[in-house]
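To start, the structure itself, in C-alpha cells.
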Amino acid sequence: MKPGFRGAMTWLHDWSGLIVGWLLFVIALAGTLSVFRSEIGNWMRPEVRCCAADSVAAGSAAVQWLGKHAATSPAWYIQPADARSATSYAVWTAPGGDFAQKWLDPKTGDPATVRDTLGGDFFYRLHFELELPYPWGRLLAGAAAVAMLLALLTGIVAHRRFFVDFFTFRAGKGQRSWLDAHNVLAVTALPFHLMIAFTGALTLANLIMPWGATSLYHGDMAAVWKDLYPAAVDRPARNLPAPLAPIAPMLGKARQFFGGEIAQIAVLNPGDAAAVVSVTSGEDQRIGIQRQVISFDGTTGRPIATHIEKRPALRTFNFLYALHTARFGEMLTRWLYFVCGLMLTALIGAGLVLWTEKRRAQRQDLGFAIVERLNIAVVAGTPLAFAAFLLANRLLPVDLADRAALEVRTMFWLWGAVFVYALVRPARRAWREILTVTTAACVAIPLSDVMTHAMRLDPLHLAVALIAFVLAMGFAFASRRVGDRAAKA
C-alpha cells in the first residue's frame, strides 16, 4: 500500500479494478443488452410478430396445450405473452426428470413455429450466472459487483480533480487521453454507476452473505421460500385423479386482484385432487415492485391464499431490485439505462487500457504482456463474440438439431479464437484487426436480416439496424485511432 490516504486509495482503485475488470466488462455489456431482453428475444424469433397479447388469454391457451401434451408432469410453469413478448414460455418436467420447454402461440396455445434460440435470455443469464453452474457464477458476479463498488468509491478519492477534469478532454495525448476519457465516462453517469453496482451486489446478497438465513432457518431453504412468498401454496399430490377447473376465471380473478398483468403461472399437481394454481403479478410502472401472489385450488377454482407484500424490509429490497432491472420503466427509461450501461462498459474498458498505458514506458515484463493481451481479447473480443451470437441466430439452419446450444458454442468458439489471436499477433495490430472485424460483424447483423428475409420495417428491426450501425461507426473510429498510433510507434 502507498503512504497516505489518497495514495492508498489510488493503489486500491488500480488493482481492484484490474483484477475483476475483465469479468466486469463482460457482465456490464451483457447486462446492458439485458435491458432489452424481451426485444432481443423477439428479434431472434422473427417467425412471430410482436406483441400486445392478453396475458389471461395467453395463459389459458398455454394451460390447455399443456393439459393435452404434459398431463403427467408434476408441475407446469408459464410466462404468458404480454406487451413486450411475442410468445408464451412454458416449462415442465418431462419423462426421465429433465425439464422441457416450449414457446407457445399466445392465441392458440400450440407451439409457435420459431427457431430454437435462447434469445435475450442468454445475455440476461450470462450477466449474473456467467454460464457457470449454480452457485459459482452468481457468487463470482456478486463479488465482482462489490469490487466495482469499491473501485468507484476509491476512484472518486484517487482522482484529485475528479469533477474539474470532467470539462477537459485532450485527444491524441496517449495516456492523458485515456485518463480523460475514463474520467468523463465516470462523472457523466456516476449516480447510475454507483446505483447499479450497489443494487447488483444486493440482489445476490443471500449468496455473498448467507449466514442470516443459515442461523435463522438452519439451512431450511423451503422455510425461507415460504416466508418470502406466503401465498405460494405447495401441497403434496393425493394421487386421486381430478380435472383441472377452467383456468380463465382464475386468471381473471388474479388480474383483478393485482390491478395489473400476470407475470407467471405455476400449476402444481395438474390432474390431481391436490392441484394448486399460483399466479404472480407482473411489474407495473412503479419503481417499488409490489410482488403479489394468489393461489387457487386447482379443482374448484376457489382462492385459498393471497399475499400483497407490505413488509418494510422486503419492500425496500424490491425497490432496489427494481432500480437494478428497470422493468418498471417505459421505453425511454430503458433507453436511458442502455446508454448508461454502454458508458459503464466503456468506463471499465478505458480503465483496463489506462492501466497498461501508464506502465508502458516503465515495464514490459510478463505480467504487463498478459494484461495487455487480456485487454485485447476482452475489450475488443467481447463485442465481437456477442455479435457472432446474433449472427449465428440468422445464419444457422432453422431446423438444426440443438440449435440454441450451437449458437452459444459459436460465440465461445469465436471468443476462444480471439484469445489465441491476441496472444500471437503484435499488440497494436491485434487491436486494430480485431476491432476491424468487430466493425464488420456489427454491419453484418442488419445485413443478415435482409439476406435471410427476416427483415421487417417495424420499430424493432429498425432499432437493431440503427444500434448496429452506431456501434460499427464507434468500432471503426477506435480501429483507425489504434492504427494511427501503431503507425507513429
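Okay, here's what the table says:
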read-out	value
Out of LEU374, LEU344, LEU354, LEU366, sole residue that is more than 30 Å from ARG238 (Cβ to Cβ) and surrounded by fewer than 17 Cβ atoms within 10 Å (Cβ to Cβ)	LEU366
When residues of region 1-54 are limited to those that are charged (D, E, K, R) and within 30 Å of SER85 (Cβ to Cβ), the one most open to solvent (accessible area, probe 1.4 Å)	ARG49
Matching residues in region 295-323 - criterion: being within 28 Å of the chain's Cα centre (by Cα), polar (S, T, N, Q) and surrounded by fewer than 13 Cβ atoms within 10 Å (Cβ to Cβ)	THR316
Flag for PHE389 being out of contact with any Ser or Thr (no Cβ under 6 Å at 6 or more places or on another chain) and surrounded by 15 or more Cβ atoms within 10 Å (Cβ to Cβ)	yes
Sole exception among (1) crowded, with 19+ Cβ neighbours inside 10 Å; (2) closer than 21 Å to LEU29 by Cα for THR410, by number	(1)
Residues located in region 55-108, provided they are buried (at least 19 other Cβ atoms within 10 Å of the Cβ), hydroxyl-bearing (Ser, Thr, Tyr) and farther than 18 Å from ARG37 by Cβ	SER60, SER73
ALA61 being touching a Lys or Arg at 6+ places or on another chain (Cβ under 7 Å), modelled with pLDDT of 85 or more and on the phi < 0 side of the Ramachandran plot	yes
Number of positions in region 228-270 that are over 13 Å from PHE296 (Cα atoms) and hydrophobic (A, V, I, L, M, F, W, C)	7
Any hit, region 111-129, residues being in contact with a strand residue (DSSP E or B) (Cβ under 7 Å, 6 or more places away or on another chain), of a type in the set (A, V, I, L, M) and more than 23 Å from PHE328 (Cα to Cα)	yes
Contacts under 6 angstrom Cβ, first residue in region 118-130 being closer than 17 Å to ASP402 by Cα and open to solvent by 50 Å² or more (accessible area, probe 1.4 Å), partner part of a helix (DSSP H, G or I) and not charged (D, E, K, R), 6 or more apart	LEU118/ALA404
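The values are calculated or read from the model by the stated rules, or taken from the named source; none is laboratory data. Quick caveat: nothing in here was measured; it's all calculated off a predicted structure. Note that each Cβ is placed from the backbone with ideal geometry, even for glycine, and that neighbours are counted across all protein chains shown. The protein model used for the area step is the full one, side chains on, heavy atoms only, and it has no ligands, DNA or RNA in it. Shrake-Rupley method; radii C 1.70, N 1.55, O 1.52, S 1.80 Å.
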